[in-house]
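A.B. asks: Dumping the structure here so I can ask a few things about it.
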Amino acid sequence: MGTAWAAGMGWARLYLGVHYPSDVLAGWVGALGWVGGLHLLFARYFRALGQP
């Protein structure tokens, strides 16, 4: 649901002319990197918690 909201918001910003396509794309890439980094960090942490 969050992905659909982010995609819709990005397209709306383009449609309204308040951002360039590169701005929206950079935001999406930055968010993807942030989420990917957090996933790597927390996956290791929670995997370690599950082991005896």
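A.B. asks: Yes or no: the range 20-39 includes at least one residue that is among the polar types (S, T, N, Q) and not in a helix (DSSP H, G or I).
C.D. replies: no
A.B. asks: Continuing with the same structure: Just to be sure before I move on: is Gly17 surrounded by 10 or more Cβ atoms within 10 Å (Cβ to Cβ) and at pLDDT 90 or above in the structure I sent?
C.D. replies: no
A.B. asks: Then there's this: Which one of the conditions (1) more than 10 Å from the chain's Cα centre (by Cα); (2) at pLDDT 95 or above does Trp34 fail to meet, given that it meets all the rest?
C.D. replies: (1)
A.B. asks: Further question on the same structure: Is there a residue in the range 40-50 that is part of a helix (DSSP H, G or I), aliphatic (A, V, I, L, M), surrounded by 11 or more Cβ atoms within 10 Å (Cβ to Cβ) and within 16 Å of the chain's Cα centre (by Cα)? I'd like the intermediate steps shown before the answer.
C.D. replies: Taking the range 40-50 first, the residues part of a helix (DSSP H, G or I) are 40-50.
Those still in the list that are aliphatic (A, V, I, L, M) too: 40-41, 43, 48-49.
Subsequent filtering for residues that are surrounded by 11 or more Cβ atoms within 10 Å (Cβ to Cβ) retains none.
Among the residues of the range 40-50, not one is part of a helix (DSSP H, G or I), aliphatic (A, V, I, L, M), surrounded by 11 or more Cβ atoms within 10 Å (Cβ to Cβ) and within 16 Å of the chain's Cα centre (by Cα), which makes the answer no.
The values are calculated or read from the model by the stated rules, or taken from the named source; none is laboratory data. Keep in mind that what you see is a predicted model, and the values were worked out from it rather than measured. Positions of Cβ are generated from backbone atoms using ideal geometry, with glycine treated the same way; all protein chains shown enter the neighbour counts.
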